[in-house]
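Engineer: Pasting a structure below so you can have a look.
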Amino acid sequence: MPSDPPPVDVHVETYRRGRARTRVTRVSTGADTGHAFVLVAGIGVASTYFEFLAPLLASEGEVYALDLPGFAGVPASGEQPTAAFFADQVEGVLDHYGLRDPVLLGHSMGTQVVTEVLARRELSHAVLVSPVVDEGDARAGVQAVRFAQSTARESLHIALLALSAYLLCGFLYFFETLPHMLRYRISDRIGEARANLLLIRGEHDRPSPRRLHSRLVARARSARRWEIEGAAHCVVNSHAVGVARLTMAHVRDELGAKGRMPAAEAAVPPARHADVRMVLGAMASRLAEWISAARKDETGVERAKAEHARVLWQAYRPRR
């Protein structure tokens with residue numbers, strides 16, 4: 001984490017496109033280096049996965065973390081949940097906020113959505129973290145085993161984040177989305193992307209194997225590939241420091257074509273002010289967010305997200 005993390009402002013808004021809604025969590029520290037960041041999470045999960053990454057990127061520019069239709073308590077639209085449909089929502093967000101050349105960052109299934117957007121419009125830089133699915137093993141059973149193998153290396157905190165998000169999504173919508181994710185051919189579409197790409201995976205990321213990254217880099221017009229040691233599929237949370245550093249080096253074109261980052265440089269460090277009060281505060285704000293999302297109370301979601309950001313800032317601020 002930064003040696004002097006600035007406080008963050010969090011605002012939650014809803015973008016509507018026809019019957020579809022997308023929750024947009026805007027995270028800002030007041031910094032403006034000329035870059036904005038749009039973060040797209042994977043199947044069934046929520047923008048809460050970016051709780052560490054979003055503030056880190058916000059020290060460089062405003063962050064827009066998205067909860068797409070059907071996820072994180074956002075109502076489903078009734079349309080087919082394909083990558084193309086979700087890409088429509090992302091493009092709508094870009095146009096609504098006047099984001100001409102943001103850095104798109106997708107995680108897991110979010111990489112499919114981002115790839116679809118990149119195939120449609122010309123952007124300078126994008127980041128694909130843990131892209132899926134390896135077309136040679138695009139079967140639900142195989143992917144379930146690989147996700148389980150990767151999850152075994154994740155922390156309890158990440159497991160609880162995922163479980164709470166899946167409950168909000170609902171298993172029916174999850175399984176409605178899953179076949180579309182398995183059918184999407186990211187290897188075929190990535191060649192249409194004109195952006196400079198950075199592919200990131202964790203060392204133990206079974207759903208996003210090295211051979212898939214090799215194939216994607218070979219078919220992309222311009223791509224770098226990096227691996228973070230010790231990380232698994234949810235590298236955007238557990239190793240958010242590394243993902244942020246690699247992202248910014250990529251945007252500045254200061255990153256080599258291929259490399260590995262040690263876990264010690266990438267992992268989120270222990271909080272400087274970790275005590276019972278901090279832990280209970282973080283848990284309470286997350287629970288409040290979950291309940292508000294379940295009730296479709298967007299004001300409550302915003303209030304809870306802002307409180308969670310305040311708790312994290314207090315936990316990681318420098319000692320005086």
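The values are calculated or read from the model by the stated rules, or taken from the named source; none is laboratory data. Quick caveat, the model's predicted, so the values are computed rather than measured. FYI the Cβ positions are ideal-geometry reconstructions off the backbone, even for glycines, and counts take in every protein chain you see.
Residue by residue, here is whether (1) more than 23 Å from His239 (Cα to Cα); (2) at pLDDT below 95; (3) not polar (S, T, N, Q) holds:
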position	(1), (2), (3)
Phe37	no, no, yes
Val40	no, no, yes
Gly70	yes, no, yes
Leu94	yes, no, yes
Thr111	no, no, no
Val117	yes, no, yes
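Engineer: Among the residues in the stretch 296-313, are any more than 21 Å from Leu53 (Cβ to Cβ), buried (at least 17 other Cβ atoms within 10 Å of the Cβ) and of a type in the set (S, T, N, Q)?
Structural biologist: Looking through the stretch 296-313, none of the residues is more than 21 Å from Leu53 (Cβ to Cβ), buried (at least 17 other Cβ atoms within 10 Å of the Cβ) and of a type in the set (S, T, N, Q).
Engineer: Now a separate question. Checking the conditions here, which among Leu104, Leu99 is among the hydrophobic types (A, V, I, L, M, F, W, C) and surrounded by fewer than 24 Cβ atoms within 10 Å (Cβ to Cβ)? Even if it seems obvious, please write down each step before you answer.
Structural biologist: Working: Leu104 fails: surrounded by fewer than 24 Cβ atoms within 10 Å (Cβ to Cβ).
Just a single option satisfies the conditions, and that option is Leu99.
Engineer: Filter the stretch 175-195 for residues that are surrounded by fewer than 16 Cβ atoms within 10 Å (Cβ to Cβ) and assigned to a helix (DSSP H, G or I) and give the result.
Structural biologist: Hits for the stretch 175-195 are Phe175, Glu176, Pro179, Arg183, Asp188, Gly191, Glu192.
Engineer: Which of the residues that make up the stretch 215-245 are among the hydrophobic types (A, V, I, L, M, F, W, C), free of Cβ contacts under 8 Å to residues at least 60 places away in the same chain and in contact with a strand residue (DSSP E or B) (Cβ under 7 Å, 6 or more places away or on another chain)? Please lay out each step first, then the result.
Structural biologist: Taking the stretch 215-245 as the starting set, the residues that turn out to be among the hydrophobic types (A, V, I, L, M, F, W, C) are 216-218, 220, 223, 226, 228, 231-232, 234-236, 240-241, 243-244.
Keeping just the survivors that are free of Cβ contacts under 8 Å to residues at least 60 places away in the same chain gives 217-218, 220, 223, 226, 228, 231.
Of everything in the stretch 215-245, those that are among the hydrophobic types (A, V, I, L, M, F, W, C), free of Cβ contacts under 8 Å to residues at least 60 places away in the same chain and in contact with a strand residue (DSSP E or B) (Cβ under 7 Å, 6 or more places away or on another chain) turn out to be Val217, Ala220, Ala223, Trp226, Ile228, Ala231.
Engineer: Please work out which one of (1) of a type in the set (Phe, Trp, Tyr); (2) out of contact with any helix residue (DSSP H, G or I) (no Cβ under 7 Å at 6 or more places or on another chain); (3) buried (at least 22 other Cβ atoms within 10 Å of the Cβ) is the condition Phe147 fails and give its number.
Structural biologist: (3)
Engineer: Can you work out which of the residues in the stretch 151-171 that are within 17 Å of the chain's Cα centre (by Cα) and within 12 Å of His204 (Cα to Cα) is surrounded by the most Cβ atoms within 10 Å (Cβ to Cβ)?
Structural biologist: Glu154
Engineer: Hey, another quick one. For the stretch 265-320, name all the residues that are within 17 Å of Ser28 (Cα to Cα) and without any contact (Cβ under 8 Å) to a residue 24 or more places away in the chain.
Structural biologist: The answer is Arg303, Ala304.
Engineer: Can you confirm whether Ala84 is modelled with pLDDT of 95 or more, buried (at least 20 other Cβ atoms within 10 Å of the Cβ) and farther than 18 Å from Lys296 by Cβ? Even if it seems obvious, please write down each step before you answer.
Structural biologist: Working: modelled with pLDDT of 95 or more: yes; buried (at least 20 other Cβ atoms within 10 Å of the Cβ): no; farther than 18 Å from Lys296 by Cβ: yes.
It is false that Ala84 is modelled with pLDDT of 95 or more, buried (at least 20 other Cβ atoms within 10 Å of the Cβ) and farther than 18 Å from Lys296 by Cβ.
Engineer: Name, by its number, the condition in (1) surrounded by fewer than 24 Cβ atoms within 10 Å (Cβ to Cβ); (2) touching a residue at least 24 places away in the same chain (Cβ under 8 Å) that does not hold for Leu39.
Structural biologist: (1)
Engineer: What about Ala223, is it aliphatic (A, V, I, L, M) and surrounded by fewer than 23 Cβ atoms within 10 Å (Cβ to Cβ)?
Structural biologist: Details: aliphatic (A, V, I, L, M): yes; surrounded by fewer than 23 Cβ atoms within 10 Å (Cβ to Cβ): yes.
Judged against the criteria, Ala223 is a match.
This table checks each residue for (1) more than 24 Å from Thr111 (Cα to Cα); (2) under 22 Å from the mean Cα position of the chain (by Cα); (3) crowded, with 20+ Cβ neighbours inside 10 Å.
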{"position": "Ser214", "(1), (2), (3)": "no, yes, no"}
{"position": "Val217", "(1), (2), (3)": "no, yes, no"}
{"position": "Leu246", "(1), (2), (3)": "no, yes, yes"}
{"position": "Arg252", "(1), (2), (3)": "no, yes, no"}
{"position": "Leu280", "(1), (2), (3)": "yes, no, no"}
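Engineer: Collect the residues in the stretch 28-81 that are in a strand (DSSP E or B) and among the aliphatic types (A, V, I, L, M), keeping them in residue-number order.
Structural biologist: Val38, Leu39, Val40, Val63, Ala65, Leu66
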